[in-house]
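The values are calculated or read from the model by the stated rules, or taken from the named source; none is laboratory data. Note that the structure is a prediction, hence the values are computed from the model and not measured. Using ideal geometry, Cβ is built from the backbone for each residue, glycine included, and neighbour counts are taken over all protein chains shown. For accessibility, only protein heavy atoms count, side chains too; no ligands or nucleic acids. Shrake-Rupley method; radii C 1.70, N 1.55, O 1.52, S 1.80 Å.
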Amino acid sequence: MQALGVLVVDRHPVVRYALSSLLDTRVAWTAEAATSDEAWNAVKTSRPGVVVLELELDGATSGADLCQRVKAMEDAPRVVVFTGDTSPGAVVSAISAGADSFLHKSVGSSELVDAVVRTYNGQRMWILGKNEREHVDVRSVMPDGLPAITRREEQVLSLVLRRYTNEEIASELSLASQTIKNQVSSALRKLGVSGRRELFRKYSSPTGVTTGARG
């Protein structure tokens with residue numbers, strides 16, 4: 001197997017240093033980039049196996065746009081989004097851009113390194129913060145390229161992925177419960193699943209424990 005190299009992309013130098021130091025214990029080499037432009041040049045020249053990417057970047061290109069650009073490359077590296085933002089918009093941006101994994105910055109150091117290696121080996125990891133610590137393998141659910149869904153359906157889907165109930169989604173988005181019910185059904189249908197139960201059967205942790213709806 002090719003030696004694993006990781007590019008760490010974050011606008012904060014302390015974060016880049018900490019991540020590189022952690023990853024150096026498990027991977028062959030690490031490189032760093034502070035802006036989207038630096039990151040794009042580094043991806044093209046160093047060809048890392050994994051890019052660890054913050055969504056909020058300095059430069060002409062956002063983290064989500066950079067992710068989409070990287071994933072469009074031939075023999076594209078894996079992309080792990082590593083961010084402190086787990087808002088619906090952030091989760092949807094990562095999914096839509098083709099990110100292989102999504103990690104909240106509250107993860108532990110060993111958990112982070114393990115997730116990077118697992119992602120490189122083909123497993124998708126979704127850890128959405130302190131209250132959503134399950135590792136989620138979305139490979140069997142998310143197709144290559146997100147189906148054409150509306151912006152509102154994207155928001156609703158991101159909350160479904162975080163295991164909100166319809167009532168909680170309605171409260172979060174200030175919409176009627178029936179409206180949310182219709183949008184959830186439409187989003188799930190476009191993902192090719194009949195309902196939440198089928199979705200969560202497919203979104204299973206590495207230990208085989210199936211995640212379920214919140215509440």
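Restricting attention to the stretch 88-117, the residues being touching a residue at least 40 places away in the same chain (Cβ under 8 Å) and out of contact with any Ser or Thr (no Cβ under 9 Å at 6 or more places or on another chain) number 5. For the subset of the stretch 15-57 comprising residues that are out of contact with any Pro (no Cβ under 9 Å at 6 or more places or on another chain) and within 17 Å of SER93 (Cβ to Cβ), which member is most open to solvent (accessible area, probe 1.4 Å)? Among residues in the stretch 15-57 that are out of contact with any Pro (no Cβ under 9 Å at 6 or more places or on another chain) and within 17 Å of SER93 (Cβ to Cβ), the one most open to solvent (accessible area, probe 1.4 Å) is GLU56. Applying the criterion of being part of a loop (DSSP other than H, G, I, E, B) and closer than 20 Å to ARG118 by Cβ to the residues of the stretch 1-14, the residue that is most open to solvent (accessible area, probe 1.4 Å) is MET1. Total residues in the stretch 169-181 satisfying the condition of being charged (D, E, K, R) and either modelled with pLDDT under 90 or assigned to a loop (DSSP other than H, G, I, E, B) (or both): the figure is 1. A search for C-beta distances below 9 Å between a residue of the stretch 161-187 that is at positive phi and any residue that is of a type outside the set (Lys, Arg) and part of a helix (DSSP H, G or I), counting only pairs 6+ apart in sequence or on different chains, returns ARG163/PHE200.
Of everything listed in (1) open to solvent by less than 60 Å² (accessible area, probe 1.4 Å); (2) over 27 Å from SER158 (Cα atoms); (3) among the aromatic types (Phe, Trp, Tyr), the single unmet condition for PHE102 is (2).
In the condition set (1) aliphatic (A, V, I, L, M); (2) out of contact with any helix residue (DSSP H, G or I) (no Cβ under 8 Å at 6 or more places or on another chain); (3) open to solvent by 10 Å² or more (accessible area, probe 1.4 Å), ALA115 is compliant with all but (3). What pairs can you find where one residue is in the stretch 17-28 and among the hydroxyl-bearing types (Ser, Thr, Tyr), the other is part of a helix (DSSP H, G or I), and their Cβ atoms are less than 9 Å apart, with a gap of 6+ or different chains? Between residues of the stretch 17-28 that are among the hydroxyl-bearing types (Ser, Thr, Tyr) and residues that are part of a helix (DSSP H, G or I), the close pairs are THR25/VAL113. Checking each residue in the stretch 77-110 for being out of contact with any Leu (no Cβ under 9 Å at 6 or more places or on another chain) and at pLDDT 95 or above picks out only ARG78. Of the residues screened, THR45 is one that is over 23 Å from GLY108 (Cα atoms) and among the hydroxyl-bearing types (Ser, Thr, Tyr).
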